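Every read-out reported here was derived from the displayed coordinates using simple, explicitly stated rules and does not represent laboratory data. Quick caveat: nothing in here was measured; it's all calculated off a predicted structure. Don't worry about glycine lacking a Cβ; one is built from the backbone with ideal geometry, like all the others, and counts go over all protein chains shown.
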Amino acid sequence: MKNSFKTSFEFTKNLLTTGAFKETSRRVEIEICSKLPTGPNRVIVEFGMGHANISKEILRTISPSSKLYAFEVKEEFCDHVAALINDERLIIINDGAENLHKHVGTPVHGFVSTIPFTFFSKEMSNAILNQAYEALAPGHYFSQALYSKAHMKKFKNTFDEVTLKRFLNIPLECVHHCKKNA
Ligand SMILES: C[S@@+](CC[C@H](N)C(=O)[O-])C[C@H]1O[C@@H](n2cnc3c(N)ncnc32)[C@H](O)[C@@H]1O
């Protein structure tokens, strides 16, 4: 079975967890990684690894001495990626973004997230965003892709600056770049 078709099938089967029918588009993969730092020893966190299409772009972007902590709640997606990617910078965490503090103690120099905020309670969304803001090193970004800008207010309430880039694909894709000021 072709990989993209297999991924769409897995995403649709788990729609209430994934919040998507298919992988994020290539244009969004590139945009969502555009704020990542490329210097040495940076710590990056991904929320919602899926089948690792964006994780691969993150690994292409960051330096050889940096680390990527990738959170994913679906165990079979974690197993799939563990078998697919052999890169010692990638640390796969089979747990929810809401448990960030249990796994990552150091300052984070960039978040890349595709988790479905639309399906989360207000409490869970706030818990995730507040932890991310706390962990983020000043001057760095939490970048989130969603199918609409309906969650803009939440991001503006947590971060110091938020900019939006829209992609007129089907479905519409919106990348929010949320900054913690220095
Ligand atoms: C919209 S899919 C995106 C997958 C992939 N990153 C992409 O861009 O195509 C969202 C992913 O987030 C995962 N997910 C859902 N809730 C989560 C949570 N609380 N913490 C971490 N991952 C979660 C889903 O299982 C799914 O793989």
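Data for the structure
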| item | result |
| --- | --- |
| Taking the chain and dividing mean pair separation by its residue count, relative contact order in percent (alpha carbons under 8 Å, at least six apart) | 20 |
| Along each principal axis, Cα extent of the stretch 66-148, largest first, Å | 34, 29, 25 |
| Given Lys6/Lys153; Lys13/Lys180; Lys13/Lys102; Lys22/Lys156; Lys6/Lys179; Lys6/Lys180, the pairs whose alpha carbons are separated by over 32 Å | Lys6/Lys153; Lys13/Lys180; Lys6/Lys179; Lys6/Lys180 |
| Förster radius 30 Å - calculated FRET efficiency between Lys122 and Asn94, Cβ distance, rounded to 0.05 | 0.75 |
| Estimated 222 nm signal from helices in the chain, with DSSP H stretches of n ≥ 4 weighted -39500 (n - 2.57), rounded to 500 | -10000 deg cm²/dmol |
| Overall dimensions of the chain by Cα: Rg and Dmax, Å | 15.1, 47 |
| Listed residues Ser65, Met49, His140: farthest to the positive end of the dipole of the stretch 29-182 (Cβ charges) | His140 |
| Evaluated at q = 0.14 Å⁻¹: base-10 log I(q)/I(0), Debye formula over Cα of the stretch 1-93 | -0.50 |
| Among Leu136, Leu172, Leu146: highest mean-square fluctuation, GNM of the chain, C-alpha pairs under 10 Å | Leu172 |
| For the stretch 21-179, size of Cβ-based charge dipole, Lys and Arg +1, Asp and Glu -1, in debye | 640 |
